Every structure is written in structure tokens, then in C-alpha cells.
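The values are calculated or read from the model by the stated rules, or taken from the named source; none is laboratory data. Keep in mind it's a predicted model, so treat the numbers as computed, not measured. Don't worry about glycine lacking a Cβ; one is built from the backbone with ideal geometry, like all the others, and counts go over all protein chains shown. Surface areas here come from the heavy atoms of the whole protein model, side chains and all, with no ligands, DNA or RNA. Shrake-Rupley method; radii C 1.70, N 1.55, O 1.52, S 1.80 Å.
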Amino acid sequence: MTKSPPTRAEHCVIACAEAWRDDGEVLAGPMGTIPSIGARLARLTFAPDLLLTNGEALLIGADGVTEGWLPYRAHLTMVTGGKRHVMMGASQIDRFGNQNISCIGDWEQPARQLLGVRGAPVNTLNNPTSYWVPKHSSRVFVARVDMVCGVGYDSAAAAGASATRFHRIPRVVSNLGVFDFATADRSMRLVSLHPGVTVAEVREATGFPLAVPDDVPYTREPTAAELRLIREELDPHSTREREVPA
């Protein structure tokens, strides 16, 4: 099983896992199938101090076995103190990292009602927040979000020092590549392409000008050990392939 070449979904798992590299002892908050596999892979390999939960009040290992109790008050302390790194989804995201999961169209009379703001402002202002987009398109990567839920770099800067203490968007991962905001004006930059994807494809699927280096590498390959973990232990039923088909 592990001898076949890595799939696009498996490169996405690796890209998501890398979001938690060097984070130390923080609470991971992956949302989505591939980010969840990525967080567990990181815990098993290069991020052994990463804390995982069952989504409620228990700390668990990468195998799902209970390791401890995390009462809500302790959870909130971690969230508001910069000790959690969540990876959220985005119905829209713009070039400065503002995210929308609330509505499409004008807020007073939207064309589509979505999840609502939920915890996005608290997440982005109080702890590092990355994003996962399983279907990269210009409908998601937009020039300006219809409503700011997750706070981007321009919005945080406009709000002042109180909004920037823990604000950080380490990376955005999509089915096409990996992005960050390591530019002078904190606009989105292409960091790597998943194998088989071109810069032209990414630009075509993005609704704003991206910062693109002269030499864009490919997302790193999973090691043989990582591929075995993904395929045999973490996701033996290949649910990742349903989120990002080959």
C-alpha cells in the first residue's frame, strides 16, 4: 500500500502537518478531515509535544486514547493566552487573510447564509490561526471578503496593539498549494505548489494578485514512514481522498 506515489490529498496532509512544526506544547485545533490527520501525524513525528483533544474536554493521543482532562476553564485560558493553534476552514479569504464563514453578499440581505461568525474573531485575535481550503477557487480566494469573521493582518493592524498581541496566520493550505503572509505589506504569498500544479493554475484560481517568488518549490514529499502512518494507522479507510480527490 505504501509503495504507490503520494496522492494530492497526502501532500495536503503533509502541508497541514507542517503548520504545527516548532509550535511546542500548544493545543491543536484542526477542522476538517485532512487537517485532523495532519495534526495527528505531526504529533507522531516531529511535534511530540502537540496537544490534541476529542473536541470536548479530553486530551487524547494520536491514536485517540485518552491522556488527560482539559476542563473548559483551562481550555479558555489556553485560547485567550496564545497557546492554541487552530486550522479553520474559509468560505472566503482575501489577500490579507481576512476570513468569512458567515454570509455571501451584503450582511443586511445576504444571498447565502453560512455558519455565522462563530469563534473566528476570538481565534484569530487570541491565538495563531491557519486555514484549510479543500477546493481552491476565485470564489473562495477573493479580493475582499463579504464579511470579516477571522481577522486578517490589515484589520488587526487597524484595530491597534490590543488586536495584534497574539494575532498570527502561519499558513493557508489549499488543494493547490501552501501560502503565507511573509511579505512587507502582509499580503498573501505563494510558498509552495503541490506536485503537478503550476503557478498559472494558482493565479487563475485566485481572485487577487498573489506575491509569487521567482522560484517556487514543490510541497515536500512525505517520508516512507509518514506515508505508512497516513495509510495504515491514521486514515486506513482513505477518507482524505474524498476531501481532495486524486
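Side notes on the structure shown:
- Looking only at residues of the range 131-176 that are more than 25 Å from Ile37 (Cβ to Cβ) and basic (Lys, Arg), we find that the one that is modelled with the lowest pLDDT is Arg165.
- Within the range 1-105, strands (runs of 3 or more DSSP E) holding 3 or more residues that are surrounded by 14 or more Cβ atoms within 10 Å (Cβ to Cβ): 27-30, 58-60, 84-88
- Residue in the range 139-148 that is open to solvent by less than 30 Å² (accessible area, probe 1.4 Å), in contact with a strand residue (DSSP E or B) (Cβ under 6 Å, 6 or more places away or on another chain) and under 19 Å from Val26 (Cβ atoms) present: no
- Where helices (runs of 4 or more DSSP H) fall wholly inside the range 118-217, the ranges with 2 or more residues that are touching a helix residue (DSSP H, G or I) at 6+ places or on another chain (Cβ under 9 Å) are 120-126, 153-159.
- Selection count where residues are open to solvent by 80 Å² or more (accessible area, probe 1.4 Å), modelled with pLDDT of 95 or more and aliphatic (A, V, I, L, M), scope the range 212-246: 1
- Residue in the range 102-112 that is touching a residue at least 40 places away in the same chain (Cβ under 8 Å) and over 30 Å from Glu201 (Cβ atoms) present: yes
- Of all residues in the range 47-55, none satisfies being in contact with a strand residue (DSSP E or B) (Cβ under 9 Å, 6 or more places away or on another chain), charged (D, E, K, R) and farther than 18 Å from Gly119 by Cβ.
- So Ser155, is it surrounded by fewer than 22 Cβ atoms within 10 Å (Cβ to Cβ) and closer than 14 Å to Ser174 by Cβ: no
- If the condition is being of a type in the set (A, V, I, L, M, F, W, C) and over 20 Å from the mean Cα position of the chain (by Cα), then the range 47-86 contributes Ala57, Leu58, Leu59, Ile60, Val65, Trp69, Leu70, Ala74, Leu76.
- Meets criteria (surrounded by 21 or more Cβ atoms within 10 Å (Cβ to Cβ) and either among the hydroxyl-bearing types (Ser, Thr, Tyr) or at pLDDT below 95 (or both)) for Pro128: yes
- When Arg186 is tested against (1) touching a Phe, Trp or Tyr at 6+ places or on another chain (Cβ under 7 Å); (2) at pLDDT below 95, just one condition goes unmet, and that condition is (2).
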